[in-house]
1. Rank the residues Tyr110, Tyr131, Tyr43 as a footprinting-exposure proxy: fewest other Cβ atoms within 10 Å of their Cβ go first.
2. For segment 49-322, give the magnitude of the charge dipole about the Cα centre (Cβ charges: +1 Lys/Arg, -1 Asp/Glu; no others), in debye to the nearest 20.
3. What order do you get for Phe236, Phe319 when you list them from fewest to most C-beta neighbours inside 10 Å?
4. Between Ala64 and Thr461, what length comes free when the chain is fully extended (0.36 nm per residue of separation minus the Cα-Cα distance, one decimal in nm)?
5. Just the number: Rg to Rh for segment 49-322, Cα atoms, Kirkwood Rh, two decimals.
6. Quick one: grab the alpha carbon gyration tensor of segment 126-210, order the square roots of its eigenvalues as a ≥ b ≥ c, and give me rounded if a/c is under 1.5, else prolate or oblate depending on whether a/b is larger than b/c.
7. Between Ala399 and Arg210, take the C-beta separation as r, use R0 = 45 Å, and let me know the FRET efficiency to the nearest 0.05.
8. For Asp45, what charge total do you get from the other residues with a beta carbon under 11 Å from its beta carbon, if Lys and Arg give +1 and Asp and Glu give -1?
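Just so you know, all these numbers are worked out from the coordinates, no wet-lab data involved. Everything numeric in this text was worked out from a predicted model, so none of it was measured. Virtual Cβ from ideal backbone geometry, glycine too; neighbours counted across all protein chains shown.
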Amino acid sequence: MAILSSRRRSAAISVAAVAGLAAAGVGFAVGGASAGTVSGSLYRDPSSAVVRWVAANPGDSRAAVIRDKIASQPQARWYANFNPSTIQSEVSSFIGAANAAQQIPVLSVYEITNRDCGGASAGGAPDLNQYQTWVSNFARGLGNQTVLIILETDSLALQTCLSTGELNARNQALTTATQTIKSANPNAKVYLDGGHSTWNSASDTANRLRAAGVQYADGFFTNVSNFNPTSSEANFGRAVISALNGMGISGKRQVIDTSRNGGAAGDWCADDNTDRRIGQYPTTNTGDANIDAYLWVKPPGEADGCRYTAGSFQPDLAFSLANGAPNPPTTAPPTTNPPTTNPPTTAPPTTAPPTTAPPTTAPPTTPPPAGNGCSAAVAINQWNGGFTASVNVTAGSAAINGWTVTVALPGGAAITGTWNAQASGTSGTVRFTNVGYNGQVGAGQTTNFGFQGTGTGQGATATCAA
């Protein structure tokens, strides 16, 4: 996300797609060499936010440009909610649709514990044991055809909040996650976090990848939600691959997020920047032996949280990115009509990075209440003019089916976005209720939601009722 502060991306969800040919047996194939290790066409989700907006607004003056240059293209679907009981079926449904179309789906996994160091996209699994349970269930839904997995954006490039012990545990968790996915589907292509070319050095990135088990993965991804030119990312990727080769780790490839790196310099936040453009259209035909694919991991048109609610689709942002950009290849498929119901939203929001360092400790673990019911604990990440809050909801000695958390905000604080919960109100005393996938919490277990706001969040208190 913030290129100028030399850190991060943003998160969102959606999907990926385009047309393809199938080979007999497992995996997909397509005529013509792609240069990397992946060939075939990418799956375009007919229920993504941009496709639904185009279908609902045919008379909008921006619709044709957005339809032709963004909605027609494959984009990654993000899996960012801690939903171990439903994640297998959600993934299986998505994979099944891609397999039926004989195309390659792209899935972005964003569930690591202490995600985003408690920043704007805070959340993830409550602990690494539960993370592995979630990953195991996720992997069971992957089938046996070719899939591309973007595993945990920022998990390696952003480590400032982790102690040595926490970093070692994260590296082991990523190694195990990679092995779990590859074991469940040997045709899965797994890529680990490589940050981007203006963040950590190539040698540092290679060391981080090695520590996290890149030897078991297919390679690494770079530039997620960032704006660095593709040529800069490719040069950076070659340097990382060279460093890995020097460590005895060979055969690794890069994928590059090109969703909005086709424009000029300017303010890092896409919400406020009219100079950005979509970059290289998604493809596995890169013509570069080191690069498996150019992907749109960050869906174009989804906000960063500066002017709009983070993670929301904004047609003026999409139009700004697409207007004046080259037309897509003539082989791009026509837009598919969306289903009559919307898919569940699984994307955490994104926002401008804090001007001060995020807290060095994870949000506190919520002690389970002594009896029935639930308890809540809120952790605030404050910066100049704004904050994010991560709230743990813990069931007591009996499982709960639905919860409401009441948060008392300090005077002057106002909520601008919420994830993993529904909010009633924006200031003063605000009530948060569970969404469909996280209302059931086992005895002594914890779920998480979060919100962001303006003003000062320090001093906020939370109570829970089941």
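1. Fewest to most other Cβ atoms nearby, the residues stand as Tyr131, Tyr110, Tyr43.
2. 560
3. Phe319, Phe236
4. Gain on stretching Ala64 to Thr461: 138.2 nm.
5. Computed over Cα atoms, the ratio is 0.95.
6. oblate
7. The computed FRET efficiency comes out at 0.60.
8. Local net charge: +3.
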